[in-house]
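**Student:** This is the structure I want to talk about, given as structure tokens.
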């Protein structure tokens, strides 16, 4: 019986950068990067459940003036995040519109 060496290969993950916009439907609302993360987590777990909603992503940048966040996720999770953002329309009693406005493999325009 011969022993064959098994070599583990490190396959690089492909990432996508998503521009996520948060627009309150009424009233002034202080939007921060932490609020975006909480809302995105609530959208993912509300849509896919606790296990299915455990999608890893990183908040790369948040612009308070435009209320747009740059979120990095694995390319395979892009469609799930885009879908989850359309289903959640209120959080902690405030209504808003959360949407992915752009997706790109890099930060370059």
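**Student:** Check whether at least one residue in the range 57-72 is exposed (fewer than 13 other Cβ atoms within 10 Å of the Cβ), under 12 Å from the mean Cα position of the chain (by Cα) and touching a residue at least 40 places away in the same chain (Cβ under 8 Å), and report yes or no.
**Tutor:** No, because not a single residue in the range 57-72 is exposed (fewer than 13 other Cβ atoms within 10 Å of the Cβ), under 12 Å from the mean Cα position of the chain (by Cα) and touching a residue at least 40 places away in the same chain (Cβ under 8 Å).
**Student:** In this structure, is residue 85 in contact with a strand residue (DSSP E or B) (Cβ under 7 Å, 6 or more places away or on another chain), part of a helix (DSSP H, G or I), surrounded by 15 or more Cβ atoms within 10 Å (Cβ to Cβ) and modelled with pLDDT of 90 or more? Full working, then the answer.
**Tutor:** Values: in contact with a strand residue (DSSP E or B) (Cβ under 7 Å, 6 or more places away or on another chain): yes; part of a helix (DSSP H, G or I): yes; surrounded by 15 or more Cβ atoms within 10 Å (Cβ to Cβ): yes; modelled with pLDDT of 90 or more: yes.
Against the criterion (in contact with a strand residue (DSSP E or B) (Cβ under 7 Å, 6 or more places away or on another chain), part of a helix (DSSP H, G or I), surrounded by 15 or more Cβ atoms within 10 Å (Cβ to Cβ) and modelled with pLDDT of 90 or more), residue 85 qualifies.
**Student:** List the number of the failed condition for residue 62; all other conditions in (1) part of a helix (DSSP H, G or I); (2) touching a strand residue (DSSP E or B) at 6+ places or on another chain (Cβ under 7 Å) hold.
**Tutor:** Failing condition for residue 62: (1).
**Student:** Which of the residues spanning the range 21-51 are modelled with pLDDT under 85 and loosely packed, with under 14 Cβ neighbours inside 10 Å?
**Tutor:** If the condition is that a residue be modelled with pLDDT under 85 and loosely packed, with under 14 Cβ neighbours inside 10 Å, then 25, 26, 27, 28, 30 are the ones that fit.
**Student:** Might you let me know whether the range 92-104 holds any residue that is modelled with pLDDT of 90 or more and loosely packed, with under 12 Cβ neighbours inside 10 Å?
**Tutor:** yes
The values are calculated or read from the model by the stated rules, or taken from the named source; none is laboratory data. Worth saying up front: this structure is predicted, and the values here are computed from it rather than measured. Cβ atoms come from the backbone with ideal geometry, glycine included; neighbour counts cover every protein chain shown.
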